[in-house]
Amino acid sequence: MIRQLAVFLENKPGRLAAVADCLAKAGINIRALSVAETKDYGVVRFILNEPEKAKEALLKEGYAVIETEVLAVDVPDKPGGLASVTSLLAKEGINIEYCYASVIRLKESAILILQVDDKERASALLKEAGIRLLTQDDVKAI
Amino acid sequence: MNQFYSEEEGLSREELKNLQSGRLKAIVNYVYERMPFYRKRFDSLGIKPEDIKDISDIKKLPFTTKQDIVDNYPLKLLAVPMKEVVRLQSSSGTTGKNIFIPYTKNDIELWSDVMARSLWEAGVREDDIIQISYGYGLFTGGLGFHQGAEKIGATIIPASSGNTRRQIQIMQDLGTTIICCTPSYALYMAEVGNEMGVDFASLSLRVGIFGAEPWSEEMRKEIEKKMHIDAINIYGLCEIIGPGVASECLHKEGMHINEDVFYPEIINPQTGERLPPGEKGELVLTTLTKEALPLIRYRTRDICSINPEPCKCGRSFSRLSRIEGRADDMIIVRGINVFPSQIESVLLSVGGVAPYYEIIVDREKGRLDTLELRVEVSESFLSDEMRSLEELRQRLEEALESALDISVNLTLAEQGSIPRSEGKAKRVIDKREIFQRKGGERK
C-alpha cells in the first residue's frame, strides 16, 4: 500500500495552480493525480515521489491535507488489463470507492491507483492472482 | 368618524396621553401581579407599581429584550393560565430555536383591530378583493392580514407565499384589488408577470401593502411603476403582536403607530437614554393592553425615528419612519428574520465544520433574496471521498433549512479562506442595496 495525499479546494480559477506551484517549489514530482469536483468544491488526490516532504510543504501553506493509504496496481497495458483487476474484486464483493491511472507508464504496464472498502483483502487477492502491487519505494524510484 | 376605522385614531394628543397613562398604570400593575419575571425585576430595582402615575413615568421602568424571551423558552413568561391562550405564533430566536408568542382571545381581537385599521387607512373596504401572499402558519404575516381583512369584510384570497405564476393567474382571473406581501416578493411578481406577458395597468390591482422587511423609497417607486398601484409600508413584530404595530395611510408619509395600544419610544441603543422626537435611534415598544404576554419597554433593535407632527389625514398618532437599520446583527431574508447566532448554533450542533463561516445575502435585480453560507470544513471531517463531503454538506443544509425556515445554499470552503478579524470571522456580507446611503455611510 502507498500513501496518497488529497487536498480540499474550492472550485474556482487558480486554486489547482496554487497547489501545483507549492509542490513545484518543494521539488516534488507528481506520479499520479485525480480531480473530483462538484459545482463549488473539489478534492485533488496525489501520488507523489516524496509524500512526507510534500505534506510538510502543503501544510506550511495552510492547505488541509488528507492522508490515506491506497493500492497501486501494476496493470498489463493491453485490452482487458483493467478488467482483470476489477472483475476479480467484483467477484469477491469488494467495492471500489474510486480509482485513477498514473501519469507514468511502465514498459508494458500502467499503474492504477485504487481505493477500496477492504484494502487488506483486496491486496491479498490481487497478489494471489499474480498481480503486482507497487510499494512506496517503487513509486519513489519510478 | 367614518374616515377612521377606530375612534382612537382621531383622539386629540391630550386625550391620547390620558388614555396611555391610565393603560400604563394598569399594565404595570398587571405584570407585577401576574408575572414573577417582572415582579423580580421591578423589586430588584426598587420600583413599585404605585410609582407609575402617568405615561411620562415609563422611563423609570426597565427594558425587556429578546434575550429575556429566549431565556424563558418556551412559555415561562405567560401572564395567564394556558387555558386562556388561544393561539401561538413564532418568530426567530437568537439560537437554533424559535421563540413562541402566546395570544388570548382578546389579544387576537386587538391584533385584528390594529390590522383592520392598517388596511382601512390604505383604502381597503368590504368590496375589495384582497390577496394575501404572506406565508400562513407560525409566521405572523399571513394570519395577521387575514384577521384584519376579515374584520373589514373584504373578500380574502389566502394565497400564502410561493407559486408565483399561480399568484398572478389568480390576480388576473379573480380581479384582485389589494395585494399583501413582502416588497421584494412584489418586485419578483412584477418580473414574473412581465415574463407571462401580463399588463399590470389593465388589472384591477389598486394598492399593495408591503412589510416584514426593510425597503427604500426607490423600491416603492419601482413597485408602483411596475404594478400600477399605491405601495404602502407596514410595520410590526411578532413579540409585540405581528403586523399592525404601525402602518401608512395613502399619504405615504410615515407609518401611524397605534399608540393607544403600543407605546413607542426612541432610545440611544448604546446608553438606553431617551431621544427627542425626530432623532434616529432604537424603537422601544410597550404593549399597553396585551394579556398573554405583555411586554414593558421591549427593545425592537430596529433603528428609525418618530415624527410627532399630525398627518394630513387627521390621525393624531405619531408616525414611524422607515426602518433604516438594526441595532444588532439580525438580517431579514425574504421576510424571515435570521440571526448569525442561530446559524452558528446549528453548525455547532451538526458538527463537521470549523467555527468560521460567512453569510452572503444577495438579491439580483427582480429576483428573490438568496442566503448563501460558506463554511470551512473542520480538519477531522475532511475526506478524500466526495460522497462523505456531499453528505456533510446536505446534512448541514437540511438542518439549517429546518431551523431557519428558509432555503440555504451552503458551500464548503477551504481552510483559512474566510477572512478573520481578531480571530473571529466577519460574518455577514449583505450585497442587497436596501438602505439608502447618505454621504457614503452604510449600515
Rounded, prolate or oblate (a/c below 1.5 giving rounded, otherwise prolate when a/b exceeds b/c) for chain B by Cα gyration tensor: oblate
Centre separation in Å (Cα based) which lies between segment B:222-267 and segment A:47-118: 65 Å
Computed over segment A:3-142, Kirkwood Rh from alpha-carbon pairs, angstrom: 15.9 Å
Considering only the protein assembly as shown, percent of DSSP beta bridges that pair antiparallel, nearest 5: 75 percent
Paramagnetic reach from A:GLU120 in segment A:63-99 [backbone N under 20 Å; point 7 Å along Cα→Cβ]: A:68-72, A:89-90, A:92-97
In nm, spacing of pseudo-spin labels at B:TYR73 and B:SER417 (7 Å Cα→C-beta vector): 3.1 nm
Residue-by-residue Karplus 3J(HN,Hα) for segment B:217-223, coefficients 6.51, -1.76, 1.60, Hz, glycine and proline x: 5, 4, 5, 4, 4, 5, 5
Packing-based exposure ordering (other Cβ within 10 Å, fewest first) of B:HIS228, B:HIS256: B:HIS228, B:HIS256
Cα long-axis angle, helix A:51-60 against chain A (0 to 90 degrees, to the nearest 10): 30 degrees
For B:VAL353, residues with placed amide H under 5 Å, excluding near neighbours: B:SER378
Cross-link reach list, lysines versus A:LYS53, counting only Cα pairs under 20 Å and skipping chain neighbours closer than eight places: A:LYS25, A:LYS140
Shielding by partners - mean other protein chain Cβ count within 10 Å, residues of B:400-411: 1
Between helix A:119-128 and chain A: long-axis angle, C-alpha atoms, 0 to 90°, nearest 10: 40 degrees
Average Cα contact separation per residue, segment B:329-403, under 8 Å, 6 or more apart, as relative contact order %: 29 percent
Rounded FRET efficiency, nearest 0.05, which uses the C-beta distance separating B:LYS59 from A:THR38 and R0 of 51 Å: 0.35
Folded to 0 to 90 degrees: helix A:81-91 orientation relative to chain A principal axis, Cα: 80 degrees
Base-10 log of normalised Debye intensity for segment B:315-386 (one unit scatterer per alpha-carbon) at q = 0.11, 0.19, 0.20, 0.24 Å⁻¹: -0.44, -0.92, -0.97, -1.14
Protection proxy ranking of A:62-69, B:294-301 - average other beta-carbon atoms within 10 Å, highest first: B:294-301, A:62-69
Average partner coverage of A:41-50, which counts Cβ from other chains inside 10 Å: 2
Gyration tensor (alpha-carbon) shape descriptor, segment B:166-272, a/c threshold 1.5: prolate
Debye-sum result for segment B:53-211 in log10 I(q)/I(0), which assumes one identical scatterer on each alpha carbon, at q = 0.09, 0.17 Å⁻¹: -0.40, -1.03
For B:377-386, mean number of other protein chain Cβ atoms within 10 Å: 6
Under-5 Å amide H pairs with B:LEU410, H placed in peptide plane, nonlocal only: B:LEU373
Taking B:VAL377, B:VAL124 and counting other C-beta atoms within 10 Å, the order from fewest to most: B:VAL377, B:VAL124
Inter-centroid distance (Cα atoms) of segment B:373-404 relative to segment B:122-181, Å: 38 Å
Rounded, prolate or oblate (a/c below 1.5 giving rounded, otherwise prolate when a/b exceeds b/c) for the protein assembly as shown by Cα gyration tensor: prolate
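No lab work stands behind these numbers, since they all come straight from the coordinates. Treat the numbers as computed from the prediction; the structure is a model and nothing was measured. Note that we place each Cβ from the backbone using ideal geometry, even for glycine, and neighbour counts take in every protein chain shown.
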